[in-house]
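Here the structure comes first, spelled out in structure tokens, and everything after it is commentary.
The values are calculated or read from the model by the stated rules, or taken from the named source; none is laboratory data. Note that the structure is a prediction, hence the values are computed from the model and not measured. So basically every Cβ, Gly included, is an ideal-geometry build from the backbone, and we count neighbours across all protein chains shown.
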């Protein structure tokens, strides 16, 4: 299985990345090499093997639903490059 | 004589006895950075004024006779993917060039509670992705043993700062070898604790199921000291383990009689430099002389570890790095388009090539139609890799091998070929996939460059790992060698 520049453009869109034509060419070549290397996994029989998501012996971690101290508005907005009326500002979402 | 020759416990006693002050230690660290860091490039941000103010406060505390924290007065560097309130944290990415954290990571808070002095933030591969430190947006760190060579990565700044004597200890993070491999290349002690032992709260996430914070130090005893201060359950991290924290220092008995060591044949085989193999075999001889016994074993799925890791870590990264959208923090490139353009332009401008490559790989592996073949398959192989270790640990106390297949390579020699670069991590990655602890300690030199010995233990058995490392260190002097800068 090999991927094309078109695949790379599609994945870039999903990943919210805008790639230059040079980047698209480089990534196509490099991702093919990496995925070809990853193909070695397909030769391994994993029938009946449970997937490992993480290694800890815990599942859900719950806490009481109580009100606690949280960030102030000022703190939350400290690193935002644009804000208005105490909110993060984004460009128009709807045309 | 330099204060950098002393162990942390010795400095602790000297401070107590009035033979040194916190301000002296802090100035020694700051002046070393002024003298050396133009060459090494380990620091991204210095906390000069903050460190001096903290030092004065701590000296007052010393004079007043108040009780002192475990790391009292010791100047430290923190890898720049660990957030520090009010102290710029960049992850060595252009994306976060101006980021001012509004809270402390749990480990940063613990250093403060332990009365350590934060000297500054350390260079790394961007978002901890890389094994050479060449992926930093602020230029590569250079290896103190040979400035033309890489320090390893991604915690290259942490390893180089400790090796060159700029700080007394440092914190790093390890996702696939990012503490141990640079420790090996720079000739220092680097410990990756068991997954869940040290809180990840405030560690900018790369691959959440693999990331773990740990210390880089000059000696094993120092490593135990720092681990003692940072280990422990934290409700802020939902993957933090509720385990009792032992006294790591009391584990350093020097006694390893009867210890059973497994040496995987895959760790000394093809791809491992002959000089590295010889150095590791001599280290095993030292352990043997101390009463340990070693046997060759097999970890049969080792050859699948790198492929498994790059699929899983990249997938987790592609999800974790979705938060960098140009809205709440970091780079914002608004060229008058809509919201989607804001995302596309900000991310494309802010991330470097390796970060983009991994986001692309991860997005592909998780995308519709490929999920089962790549992501799920890799999760299953992860189980097999973990079972390899479980099997070996039924009969043996530790697993030992080299930390990396080679010594530090030349800057620029592998940047064109990501796959070759990824294969440098073949001996460290399986440990992260299995979630178990491992330390890299200096075990000699090959052509003037440090070689690291990797000691891997059972989950939450840092005590045995450190005991073996310490016993070895007591009978060798590799850790006392210093680079000439």
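Laid out as a table, the results:
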quantity	calculated
The listed residue being facing another protein chain (nearest Cβ under 10 Å) and in contact with a strand residue (DSSP E or B) (Cβ under 6 Å, 6 or more places away or on another chain), out of B:399, B:306, B:381, B:327	B:327
Residue that is farthest from residue B:196 (Cα to Cα), among those in the stretch A:42-52 that are at the interface with chain B (Cβ under 8 Å from one of its Cβ atoms) and surrounded by fewer than 14 Cβ atoms within 10 Å (Cβ to Cβ)	A:42
Per-region count, the stretch B:414-429, residues within 16 Å of residue B:207 (Cα to Cα) and away from chain A (no Cβ under 12 Å)	3
When residues of the stretch A:53-86 are limited to those that are surrounded by 10 or more Cβ atoms within 10 Å (Cβ to Cβ) and in contact with a helix residue (DSSP H, G or I) (Cβ under 8 Å, 6 or more places away or on another chain), the one farthest from the other protein chains (Cβ to nearest Cβ)	A:83
Filter result (assigned to a loop (DSSP other than H, G, I, E, B) and either more than 7 Å from chain A (Cβ to nearest Cβ) or crowded, with 16+ Cβ neighbours inside 10 Å (or both)) within the stretch B:338-372	B:351, B:352, B:367, B:368, B:369, B:370
Test set (1) outside any loop (DSSP other than H, G, I, E, B); (2) more than 7 Å from every other protein chain (Cβ to nearest Cβ); (3) in contact with a helix residue (DSSP H, G or I) (Cβ under 6 Å, 6 or more places away or on another chain) - residue A:2 fails condition number	(1)
Residues satisfying the stated conditions in the stretch A:28-41, i.e. at the interface with chain B (Cβ under 8 Å from one of its Cβ atoms) and either touching a helix residue (DSSP H, G or I) at 6+ places or on another chain (Cβ under 7 Å) or not in a helix (DSSP H, G or I) (or both)	A:30, A:31, A:33, A:34, A:37, A:38, A:40, A:41
Test for residue B:100: is it modelled with pLDDT of 95 or more and within 14 Å of another protein chain (Cβ to nearest Cβ)	yes
Those residues of the stretch B:131-149 which are more than 15 Å from the chain's Cα centre (by Cα) and assigned to a loop (DSSP other than H, G, I, E, B), in sequence order	B:134, B:135, B:136, B:137, B:138, B:139, B:140, B:142, B:144, B:145, B:147, B:148
So residue A:25, is it at the interface with chain B (Cβ under 9 Å from one of its Cβ atoms) and either on the phi > 0 side of the Ramachandran plot or not in a loop (DSSP other than H, G, I, E, B) (or both)	no
Matching entry among B:77, B:165, B:131, B:172 (being under 22 Å from residue B:417 (Cα atoms) and in contact (Cβ under 8 Å) with a residue 60 or more places away in the chain)	B:131
Given (1) more than 14 Å from every other protein chain (Cβ to nearest Cβ); (2) more than 24 Å from residue A:35 (Cα to Cα), number of the condition residue B:270 does not satisfy	(2)
Complete set of residues in the stretch A:9-18 that are more than 7 Å from chain B (Cβ to nearest Cβ) and in contact with a helix residue (DSSP H, G or I) (Cβ under 8 Å, 6 or more places away or on another chain)	A:9
Flag if residue A:41 is in contact with a strand residue (DSSP E or B) (Cβ under 7 Å, 6 or more places away or on another chain) and modelled with pLDDT of 95 or more	no
Evaluation of residue B:93 against (1) surrounded by 24 or more Cβ atoms within 10 Å (Cβ to Cβ); (2) under 26 Å from residue B:153 (Cα atoms); (3) in contact with a strand residue (DSSP E or B) (Cβ under 8 Å, 6 or more places away or on another chain) (one fails), failing number	(3)
Tally, over the stretch B:2-18, of residues that are part of a loop (DSSP other than H, G, I, E, B), under 29 Å from the mean Cα position of the chain (by Cα) and without any contact (Cβ under 8 Å) to a residue 24 or more places away in the chain	1
Test: residue in the stretch A:63-76 that is closer than 19 Å to residue B:333 by Cα and at pLDDT 85 or above	no
Residues within the stretch B:19-34 that are more than 12 Å from residue B:167 (Cα to Cα) and touching a residue at least 12 places away in the same chain (Cβ under 8 Å), tallied	5
Residue match in the stretch B:226-248 (condition: loosely packed, with under 14 Cβ neighbours inside 10 Å and more than 30 Å from residue B:116 (Cα to Cα))	no
Residues located in the stretch B:162-206, provided they are in a strand (DSSP E or B) and over 8 Å from the mean Cα position of the chain (by Cα)	B:169, B:170, B:189, B:198, B:203
Filter result for residue B:154 (modelled with pLDDT under 95 and either at positive phi or part of a loop (DSSP other than H, G, I, E, B) (or both))	no
Single residue of the stretch B:207-224 satisfying the filter (in contact with a strand residue (DSSP E or B) (Cβ under 8 Å, 6 or more places away or on another chain) and not in a strand (DSSP E or B)) that is nearest to residue B:162 (Cα to Cα)	B:218
